[in-house]
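One structure is given here, and the rest of the page talks about it.
The values are calculated or read from the model by the stated rules, or taken from the named source; none is laboratory data. Just so it is clear, the structure is predicted and the values come from calculations on it, not from any experiment. Note that we place each Cβ from the backbone using ideal geometry, even for glycine, and neighbour counts take in every protein chain shown. Keep in mind that these areas ignore ligands, DNA and RNA; they rest on the heavy atoms of the full protein, side chains included. Shrake-Rupley method; radii C 1.70, N 1.55, O 1.52, S 1.80 Å.
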Amino acid sequence: MENIFGERLKELRREYGVGQVELAKSIGVSKGIISLWENGQREPTMSNLVSLAKYFGVSVDYLVGLTYL
């Protein structure tokens with residue numbers, strides 16, 4: 001199964017030069033959760049998706065693979 005969300009999250013993090021720890025602190029989750037999301041082992045809550053979208057300046061639709069930049 002594709003992990004579009006995880007791939008996009010990892011891509012955005014790298015593009016912005018942000019580590020998992022820094023991102024986790026910024027949105028109020030643990031570093032382990034970021035890793036689980038990126039590896040497709042967990043899915044974020046809607047509030048976490050919104051926080052990530054705001055942090056990176058993208059839409060929730062983009063994060064989950066419904067649109068492209």
* To do: For E2, state whether it is open to solvent by 40 Å² or more (accessible area, probe 1.4 Å), at pLDDT 95 or above and not aliphatic (A, V, I, L, M).
  => no
* Starting from residues that are over 16 Å from K54 (Cβ atoms) and within 12 Å of the chain's Cα centre (by Cα), keep the ones in the stretch 6-19 and report whichever is least open to solvent (accessible area, probe 1.4 Å). => G6
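Of all residues in the stretch 20-52 being outside any helix (DSSP H, G or I) and under 13 Å from G6 (Cα atoms), which is least open to solvent (accessible area, probe 1.4 Å)?
It comes out as P44.
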* Structure fact -> When every residue in the stretch 53-68 that is of a type in the set (A, V, I, L, M) and either without any contact (Cβ under 8 Å) to a residue 40 or more places away in the chain or assigned to a loop (DSSP other than H, G, I, E, B) (or both) is compared, the one surrounded by the fewest Cβ atoms within 10 Å (Cβ to Cβ) is L66
